[in-house]
Every structure is written in structure tokens, then in C-alpha cells.
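The values are calculated or read from the model by the stated rules, or taken from the named source; none is laboratory data. Since we're looking at a predicted model, the values are computed, not measured. Reconstructed Cβ throughout: ideal geometry from the backbone, glycine too, with neighbour counts over all protein chains shown. Note: accessible area is taken over every heavy atom of the protein model, side chains too, but ligands, DNA and RNA are not part of it. Shrake-Rupley method; radii C 1.70, N 1.55, O 1.52, S 1.80 Å.
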Amino acid sequence: MPVLLQTLVDKSVKNMGSGIHPVVKESALEMIKRAYEEGIYVQISAGYRSMEEQAKLYGQGRLGYSYNGKNYSNMSKPRVTNAKPGQSYHNFGLAIDYFISSDDGIRALWTVNDKWRRVAEIGKELGFAWGGDWKHFKDYPHLEMAGGLSYSQLQSGKLPSLTSKVGGTKEK
């Protein structure tokens with residue numbers, strides 16, 4: 001029996017967190033629904049990430065990394081990101097990571113295949129940029145909507161103006 005759409009949506013909403021931008025959230029949920037209609041079961045694994053959470057991820061696989069006076073070094077785990085706190089669109093609620101779920105919804109499938117690429121295409125149709133298109137560091141699970149803003153603009157408090165391709169609404 002295939003995993004229910006509502007199960008994928010509910011888990012994804014929880015994983016995106018409360019700091020996710022409303023247009024990013026709406027677009028991510030629409031991506032899940034469109035993929036489901038094509039028999040692809042996708043779930044969001046991450047969304048908004050606090051600066052401390054980013055520091056913890058950045059510290060993985062690094063020695064001597066500290067942020068705000070706290071040591072985040074963790075050599076027992078592999079490196080998973082090159083983004084320090086404030087250098088990830090996740091920190092501003094403008095990015096999500098996804099995976100393909102097994103048909104029963106129990107296992108995460110991380111193999112980048114035709115289904116994975118189709119989900120990325122759906123995401124791009126909805127306004128996301130895909131990390132799989134990056135030239136130097138391929139980040140296949142990553143989708144972002146930065147509204148043309150740089151990290152420094154976001155750090156200084158500038159807010160993106162994003163337009164939903166789902167309902168056509170514009171939100172800041």
C-alpha cells in the first residue's frame with residue numbers, strides 16, 4: 001500500500017520548521033502533491049535552520065570550529081556542509097532539502113535518479129533553484145528561493161519579495 005499523501009505533507013511541514021518563508025512552504029507542499037500525482041513520493045527533510053543548528057552542521061568533520069563562543073567541532077561525523085552560519089538560505093527560511101520516500105513511506109531513498117530529477121524539475125517550475133544545477137558543489141537534495149538576495153543582504157535584515165507560482169500571491 002503506498003504511503004498517503006497526507007503523511008508526506010505532515011512530516012514535511014514538521015521538518016520545514018516554523019521559520020520557513022510562507023511562499024517556500026506553499027511551493028514545497030505543492031511540489032510534494034504534484035510529484036505524488038506522478039507516483040513519486042517525496043518528503044522534505046529540512047527547511048528553516050537556526051544559526052546554532054547551522055554551526056553544529058558546519059562543525060561536523062572539522063576540528064576547532066566555534067561559533068558565538070561555543071565549540072561545534074565534531075570529528076566523529078563526516079562533513080555535510082560548506083556553509084557557516086548566515087551563509088545558508090536555510091538560515092533565512094528560504095531553502096529546503098528533500099528525499100524520495102520508499103513506496104511504503106518507511107525508508108528514505110537518496111539515489112539521484114530519474115524520479116529525483118523529476119522532483120527537481122517540478123521544484124524549478126514552482127520557482128526554486130536546484131543545488132543539482134550548481135557547477136562546483138552539487139547539492140542534489142537542496143532547493144532554494146532567495147528572491148535574488150545575497151547572504152549579506154539577508155544578514156543586514158533585507159527581506160525577499162517572493163511570488164508564489166501556486167496561488168499567485170506575493171508575500172514578504
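So here's what we get for this one:
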quantity: Restricting segment 115-153 to residues that are closer than 27 Å to residue 51 by Cβ and of a type in the set (Phe, Trp, Tyr), the residue that is surrounded by the fewest Cβ atoms within 10 Å (Cβ to Cβ); calculated: 137
quantity: Residue that is most open to solvent (accessible area, probe 1.4 Å), among those in segment 72-91 that are among the polar types (S, T, N, Q) and under 15 Å from residue 51 (Cβ atoms); calculated: 87
quantity: Residue list for segment 159-172, restricted to those being out of contact with any strand residue (DSSP E or B) (no Cβ under 8 Å at 6 or more places or on another chain) and either among the hydrophobic types (A, V, I, L, M, F, W, C) or at pLDDT 95 or above (or both); calculated: 159, 166
quantity: Pairs where the first residue, in segment 40-58, is among the acidic types (Asp, Glu) and the second is open to solvent by 10 Å² or more (accessible area, probe 1.4 Å) and assigned to a loop (DSSP other than H, G, I, E, B), C-beta under 9 Å, 6+ apart; calculated: 52/68; 52/72; 52/85; 53/85
quantity: Selection count, segment 116-141, where residues are touching a residue at least 60 places away in the same chain (Cβ under 8 Å) and either farther than 17 Å from residue 29 by Cα or in a loop (DSSP other than H, G, I, E, B) (or both); calculated: 4
quantity: Any pair with Cβ under 9 angstrom, 6 or more apart, that starts in segment 154-172 at a residue that is under 22 Å from residue 88 (Cβ atoms) and open to solvent by 100 Å² or more (accessible area, probe 1.4 Å) and ends at one that is modelled with pLDDT of 90 or more and part of a strand (DSSP E or B); calculated: 172/162
quantity: Residue in segment 92-108 that is open to solvent by 40 Å² or more (accessible area, probe 1.4 Å) and touching a strand residue (DSSP E or B) at 6+ places or on another chain (Cβ under 9 Å) present; calculated: yes
quantity: Of the criteria (1) over 17 Å from residue 16 (Cβ atoms); (2) basic (Lys, Arg); (3) part of a loop (DSSP other than H, G, I, E, B), which one residue 56 fails; calculated: (3)
quantity: Which listed residue is over 23 Å from residue 109 (Cβ atoms), open to solvent by 20 Å² or more (accessible area, probe 1.4 Å) and in a helix (DSSP H, G or I), from 30, 26; calculated: 26
quantity: Number of the condition not met by residue 112 [criteria: (1) part of a helix (DSSP H, G or I); (2) more than 24 Å from residue 18 (Cβ to Cβ)]; calculated: (1)
